[in-house]
Amino acid sequence: MKNLIEKIKKLKEEKNAIILAHSYQNIEVDEVADFVGDSLYLSKQAEKTNASIIVFAGVYFMAQTAKIISPEKKVLLPNLNAGCLMADMINHEQIIKFKKKYPGIPVVCYINSTAEVKAECDICCTSSNALEIVKSLNTPQVLFVPDANLGKWIEKQLQGVEVITYNGNCPVHHNIKKEDIEHARKKYPHAKILIHPECKPEVSILGDFVGSTSGIIDFVKKSSDKQFVIVTEKGVSDRLKRDYPDREFILIKDNMLCESMKLTTLEEIWHALEYEVNEIKLDEDVRKLSYNCIDRMLKVSV
Ligand code: 13P
Ligand code: SF4
């Protein structure tokens, strides 16, 4: 593995490439990553970088977002099967139908969606800025796609804004029940419970903190507590265990695994970079329209 890591690092230098990695990736990916974080953080790095090649260790919509923002760069996804179950729940035809049902209402699009869907929406958001984005619209009603849980969680935080949601979700988070949290609370009465907002609102409301993957990691960084229950994908608790060996992290369920996120291996990263394969390509009209959606978000959420 050491040899492979060295080879990837050397290739990055030779080719002026960077590697962006989501916090759900297999932990060894961090050994070669330039930036590790949540969707918003990684999108901002894709926007800022002077690199010629971006290797995205994440899922398809994340690499596609990097390409939308930085069309002049070569964006590579090491494993092309790394999709997102939630993003696949809405396609172009379905977003058109949803908008027709509610004419004239602005549409907020969670970043976990395809470029074709983003192209039909007014503004993008991530789990860390969704509240700020919905607030910025200053309207009594918004449409929110595809994550119904995040949309309804945002509605709970806002007085007088109706968030009309599309019926999508992330099965990894949606499967958590409020009884799971109640059970954890009883079993670990001194622990802080940290929850990703892709969980059902009835679950999120029971947390001590609700936020994005980076938000959860930041919460631990600033906290003096010693025990935490992590209610998101295993990659987050793996990184926390590595970085804070003197604290205890309990993953809410053993099966909190995003299979797509775990597909990417160091071998595939090396292969993609060495041969410059698995490049993300986009129709230019779709790219421009989806860019507007993301750019509006990046202007609100600096
Ligand atoms: P973050 O924005 O917190 O990185 O979430 C992305 C995601 O896919 C969570 O399931
Ligand atoms: Fe998509 Fe869920 Fe995996 Fe996140 S955890 S990438 S929302 S399937």
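Taking the stated definitions as given, is Ile105 more than 15 Å from ligand 2 (Cβ to nearest atom) and either under 21 Å from the mean Cα position of the chain (by Cα) or at positive phi (or both)? So Ile105 fails the test.
The residue of the range 7-60 that is farthest from Leu77 (Cα to Cα), among those that are among the aromatic types (Phe, Trp, Tyr) and open to solvent by less than 50 Å² (accessible area, probe 1.4 Å), is Tyr24. Taking the range 210-243 as the range and being away from ligand 2 (no atom under 16 Å from the Cβ), touching a strand residue (DSSP E or B) at 6+ places or on another chain (Cβ under 9 Å) and either closer than 18 Å to Ser23 by Cα or open to solvent by 70 Å² or more (accessible area, probe 1.4 Å) (or both) as the test, the residues that pass are Phe219, Val220, Lys226, Phe228, Val229, Leu240, Lys241. Residues that are within 16 Å of ligand 2 (Cβ to nearest atom), open to solvent by 50 Å² or more (accessible area, probe 1.4 Å) and in contact with a helix residue (DSSP H, G or I) (Cβ under 7 Å, 6 or more places away or on another chain) do occur in the range 255-269, at least one of them.
What are the pairs with Cβ atoms under 9 angstrom where one residue, in the range 1-25, is farther than 20 Å from Arg239 by Cβ and the other, located anywhere, is among the small types (Gly, Ala, Ser)? Sequence gap at least six, or different chains. That search, which allows pairs on different chains as well, returns Leu11/Ala17; Lys12/Ala51; Lys15/Ala51; Lys15/Ser52; Asn16/Ala51; Asn16/Ser52; Ala17/Ala51; Ala17/Ser52.
Taking the criterion of being open to solvent by 20 Å² or more (accessible area, probe 1.4 Å) and closer than 16 Å to Ile250 by Cβ, the residues of the range 191-206 that qualify are Lys192, Leu206.
The values are calculated or read from the model by the stated rules, or taken from the named source; none is laboratory data. Model, not experiment: these values are computed from the prediction. So basically every Cβ, Gly included, is an ideal-geometry build from the backbone, and we count neighbours across all protein chains shown. Areas reflect the complete protein model, heavy atoms only, side chains present, ligands, DNA and RNA absent. Shrake-Rupley method; radii C 1.70, N 1.55, O 1.52, S 1.80 Å.
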